[in-house]
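Here's the structure we're looking at; comments come further down.
The values are calculated or read from the model by the stated rules, or taken from the named source; none is laboratory data. Note that the coordinates shown come from a computational prediction; the quantities given were computed from them, not determined experimentally. With ideal geometry, Cβ positions are generated from the backbone for all residues, glycine too; neighbour counts draw on all protein chains shown.
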Amino acid sequence: ICHACLQFDPAWVEVEPSGLIFSWERIWHPAHPALKDHGAYLAVVVELPHAGRVRMVGNLLGDPLQQVRIGAEVQGVFEHHPEASQPYTLLQWRCR
């Protein structure tokens, strides 16, 4: 169900993967055993102003100790993992 229009069968619409950082958190401890060797990382909530202000969650690529600013422009980066037992794609974010 769409939280904005309450439709039960909304259509998928492709949009430009760019937006603004709405919120963020620096994570110091792994949330899953598979991440134990990855150290700190940044999780961001990105608002897509050109897509009805939809918000998406993802990682912010680059230095995990970098300064992060609410409202900073970010570009989506699709990270494909075809070698996984169940292939998947992650949407990551990079500062512009």
In segment 2-49, the residues that are among the hydrophobic types (A, V, I, L, M, F, W, C) and on the phi > 0 side of the Ramachandran plot
L6
Among the numbered criteria (1) touching a Ser or Thr at 6+ places or on another chain (Cβ under 9 Å); (2) closer than 19 Å to R96 by Cβ, which single criterion is violated by Q66?
(1)
Among the small types (G, A, S), touching a strand residue (DSSP E or B) at 6+ places or on another chain (Cβ under 9 Å) and part of a loop (DSSP other than H, G, I, E, B): does that describe A4?
yes
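Which residues, taken from segment 44-67, are touching a strand residue (DSSP E or B) at 6+ places or on another chain (Cβ under 7 Å), assigned to a loop (DSSP other than H, G, I, E, B) and surrounded by fewer than 17 Cβ atoms within 10 Å (Cβ to Cβ)?
At the first step, the residues of segment 44-67 found to be touching a strand residue (DSSP E or B) at 6+ places or on another chain (Cβ under 7 Å) are 44-49, 53-62, 64.
Restricting the remaining residues to those that are assigned to a loop (DSSP other than H, G, I, E, B) gives 53, 61-62, 64.
Selection gives R53, G62, P64.
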For segment 76-89, check the following and say yes or no: at least one residue is closer than 28 Å to H3 by Cβ, surrounded by 15 or more Cβ atoms within 10 Å (Cβ to Cβ) and of a type in the set (A, V, I, L, M).
no
Residue pairs within 9 Å by beta carbon, gap of at least six or interchain, first lying in segment 1-27 and charged (D, E, K, R) and modelled with pLDDT of 85 or more, second loosely packed, with under 11 Cβ neighbours inside 10 Å and part of a strand (DSSP E or B), listed first then second, are none
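Before we move on, is L20 surrounded by 10 or more Cβ atoms within 10 Å (Cβ to Cβ), among the aliphatic types (A, V, I, L, M) and touching an Asp or Glu at 6+ places or on another chain (Cβ under 8 Å)?
Numbers: surrounded by 10 or more Cβ atoms within 10 Å (Cβ to Cβ): yes; among the aliphatic types (A, V, I, L, M): yes; touching an Asp or Glu at 6+ places or on another chain (Cβ under 8 Å): yes.
Yes: the conditions hold for L20.
Considering only residues of segment 7-43 that are part of a loop (DSSP other than H, G, I, E, B) and among the small types (G, A, S), which is nearest to Q66 (Cα to Cα)? Show your work before the answer.
The initial filter retains those residues of segment 7-43 that are part of a loop (DSSP other than H, G, I, E, B), namely 7-17, 28-32, 36-40.
Going one step further and asking which of them are among the small types (G, A, S), we end up with 11, 31, 39-40.
Working: A11: 37, A31: 20, G39: 14, A40: 11 Å.
Only one residue tops the list, namely A40.
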Long-range neighbours under 9 Å by Cβ, at least six apart or interchain, first residue over 18 Å from G19 (Cβ atoms) within segment 57-84, second aromatic (F, W, Y) and not in a loop (DSSP other than H, G, I, E, B):
P64/Y41; H80/Y88; H81/Y88; P82/Y88
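Output the residues belonging to segment 68-86 that are touching a Lys or Arg at 6+ places or on another chain (Cβ under 9 Å) and not in a strand (DSSP E or B).
Within segment 68-86, the first condition is being touching a Lys or Arg at 6+ places or on another chain (Cβ under 9 Å), and the residues that meet it are 68, 72-77.
Scanning segment 68-86 gives V68, A72.
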